[in-house]
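To keep things clear, I will list the structure first and then write my remarks on it.
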Amino acid sequence: MSDPLRLGIAGLGTVGAGVVKIVRQKSLLLEARTGRGIAISAVSARNREKDRGVPLTDYGWEDDPVTLATRDDVDVFVELVGGSDGPAKAAVEAALKAGKDVVTANKALLAHHGQALAELAEENGCVLRFEAAVAGGIPVIKALTEGLAANDITRVMGVMNGTCNYILTRMESGGLSYAEAFAEADGLGFLEADPELDVGGIDAGHKLSLLSAIAYGTQVSFDAVELEGIGRVSIDDIRQASDMGYKIKLLGVCRMTGRGLEQSMSPCLVPASSPLGQLEGGTNMVVIEGDQVGQIVMRGAGAGEGPTASAVMGDVVDIARGTRVTTFGAPASKLVKATPAKAATPAPYYLRMNLADKPGALAKVASALGEAGVSIHRMRQYDHVDNAAPVLIVTHKTTRAALDAALDAIPATGVVQGEPVALRIEQV
Ligand SMILES: NC(=O)C1=CN([C@@H]2O[C@H](COP(=O)(O)OP(=O)(O)OC[C@H]3O[C@@H](n4cnc5c(N)ncnc54)[C@H](O)[C@@H]3O)[C@@H](O)[C@H]2O)C=CC1
Ligand SMILES: N[C@@H](CC=O)C(=O)O
Ligand code: NA
């Protein structure tokens, strides 16, 4: 039997405590599956005294994750502290420079510094793995990097923030306002310390940027992700989209086009009957389309102690087995700088506007759309309230540019109250 693989675990919160529990409770299973033991040498967190529901006295303790990362009795540094900079970055860099393999769940760190860290890993002959960082327990990084490696990837999309999906689902099923659903998610402990990371789409954007790097062999370019959170999604849109057969999701989509790499994370409509449309609550779903394999749909827990620790340990098991995979599925030096492109692939759009109760009002809107080259596919008008009626329009496929031209022309018609809402319908 080979020597055990020795871990140093920094961060003993939700995920770190979960990892310690798996190592302790599943030692025989892990040894049977890898052919060697997996042991914890030492751990680090902010508060040594805190009860984490798992004994820690068997392990060494370091106050400083950087010291932990470079200990002689650590083979793999497991970073579960979080944050794009600060101690997480310093410790991961120190570990790689000291020749240690690294496993992390930290999407913010990789979204901001993925390229530099992948280069550092390779310079030092180390692996840097991050399955838990994207869609938690769903093994999507492994699927994209390994199982689908022979495919040209035509599109990756998904719901990758459980908090947002929970809020949107509760708005629909419970008839809650955005503020009420947000408060409920907060009460359940779903929100990140900075909730804007969730509801602003930033956390999900971090995850999408990592998937697109693997899918298209490009350097991680989080700054190029077009981001829009769910704060402006209204209960009216959720109800009326549902009436037209759609659900609203915070949907990430990336695809390589002739113009460059499109990456968008924004509220979109999807058919209610599609797997994405049926995704309820805090669950995640990632859909990958490859030229050989067709469409793959992966659904599961994107967060939480067990699912996230499961993904961390999947990476640790790979290292214990001797599986060495490049960080983003290609040598770091070969990853190209992507040309960012606005999400402009033609798509149908959902439009909602409040139309004044005047003769010819609808004709004026239809003509503004028509003049911009936007064709109406379906339309529905609801009862007038205060001399205005909500009108829903689903367009045929159109470019964003044509739609924007129509939206620019609509105020001059003088028949629309307030700003129209325009949301892309992603065909799935
Ligand atoms: N909680 C979840 O469901 C998921 C979390 N992640 C990621 O996993 C990582 C950890 O997340 P959680 O466990 O939820 O966080 P957490 O806030 O529960 O735990 C963070 C841990 O890091 C420790 N820590 C913070 N600053 C430190 C420092 N300077 N030195 C030493 N220790 C320090 C804290 O004491 C705590 O033990 C983050 O990168 C997060 O984005 C990824 C997927 C899901
Ligand atoms: N805040 C995230 C947790 C994991 O990444 C989410 O809600 O999905
Ligand atoms: Na994952």
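Points worth noting:
- The alpha-carbon of LYS50 sits under 23 angstrom from the alpha-carbons of these lysines, leaving out residues fewer than 8 places away in its chain: LYS21.
- If you plug the beta carbon distance of GLU146 and ASP236 into 1/(1 + (r/R0)^6) with R0 = 30 Å, you get a FRET efficiency near 0.10.
- Inter-label distance for GLU49 and ALA179, nm, one decimal - labels placed 7 Å from Cα along Cα-to-Cβ: 4.0
- With Cα atoms, 0 to 90° folded angle of helix 361-371 axis to the chain main axis: 60
- Most to least accessible of LYS358, LYS21 (protein chains only, probe 1.4 Å): LYS358, LYS21
- Cα→Cβ-extended label distance, 7 Å offset, between ASP73 and ASP223, nm: 4.3
- Qualifying aspartates and glutamates (Cα of each under 16 Å from Cα of LYS249; at least 8 residues distant if same chain): GLU172, ASP198, ASP203, GLU226, GLU228, ASP236, ASP237, GLU280, GLU426
- The chain - percent relative contact order, Cα under 8 Å, separation 6 or more: 16
- Based on C-alpha pairs under 8 angstrom that are at least 6 apart in sequence, segment 349-425 has a relative contact order of 49 percent.
- For the chain, the solvent-accessible area with a 1.4 angstrom probe is 41 square angstrom per residue.
- Basic side chains Lys and Arg get +1 at the Cβ, acidic Asp and Glu get -1 at the Cβ, and with that the dipole of the chain about its Cα centre reaches some 940 debye.
- Nearest 10 degrees, 0 to 90: helix 400-409 Cα axis against the chain principal axis: 40
- Protection proxy ranking of 174-186, 308-320 - average other beta-carbon atoms within 10 Å, highest first: 308-320, 174-186
- Once C-alpha pairs closer than 8 Å and six or more residues apart are averaged by separation and normalised to the residue number of segment 160-298, the relative contact order reads 28 percent.
- Among ALA10, ILE296, LEU68 - extreme Cα towards positive end, dipole of the chain, charges at beta-carbon: ILE296
- For segment 2-104, a simple Cβ point-charge model (Lys and Arg +1, Asp and Glu -1, everything else neutral) yields a dipole of about 360 debye relative to the Cα centre.
- Under 26 Å from LYS247, Cα to Cα: lysines that are on another chain or at least 8 residues apart: LYS207, LYS342, LYS397
- Note on ALA363/LYS334: beta-carbon distance plugged into 1/(1 + (r/R0)^6) with R0 of 60 Å gives a FRET efficiency of 0.60.
- Among HIS112, ALA320, ALA372 - extreme Cα towards positive end, dipole of the chain, charges at beta-carbon: ALA372
- Built amide H within the under 5 Å cut-off of ILE40, gap 5+: LEU7
- Couplings 3J(HN,Hα) of segment 254-261, computed from phi: 10, 7, 8, 10, x, 8, x, 8 Hz, in residue order, whole Hz [Karplus 6.51 cos²θ - 1.76 cosθ + 1.60, θ = phi - 60°; x for Gly and Pro].
- THR154-TYR382 FRET efficiency (beta carbon distance; Förster radius 51 Å; 0.05 resolution): 0.85
- Dipole magnitude for segment 171-312: about 540 debye, using +1 per Lys or Arg Cβ and -1 per Asp or Glu Cβ, origin at the Cα centre.
- Positive-end ranking of TYR216, PRO195, GLY231 along the dipole of segment 183-231, with charges on Cβ about the Cα centre, is headed by TYR216.
The values are calculated or read from the model by the stated rules, or taken from the named source; none is laboratory data. Here the structure is a predicted model, which is why all the values come from computation and not from measurement. Every residue, glycine as well, gets a Cβ built from its backbone with ideal geometry; the counts of neighbours run over all protein chains shown. Surface areas here come from the heavy atoms of the whole protein model, side chains and all, with no ligands, DNA or RNA. Shrake-Rupley method; radii C 1.70, N 1.55, O 1.52, S 1.80 Å.
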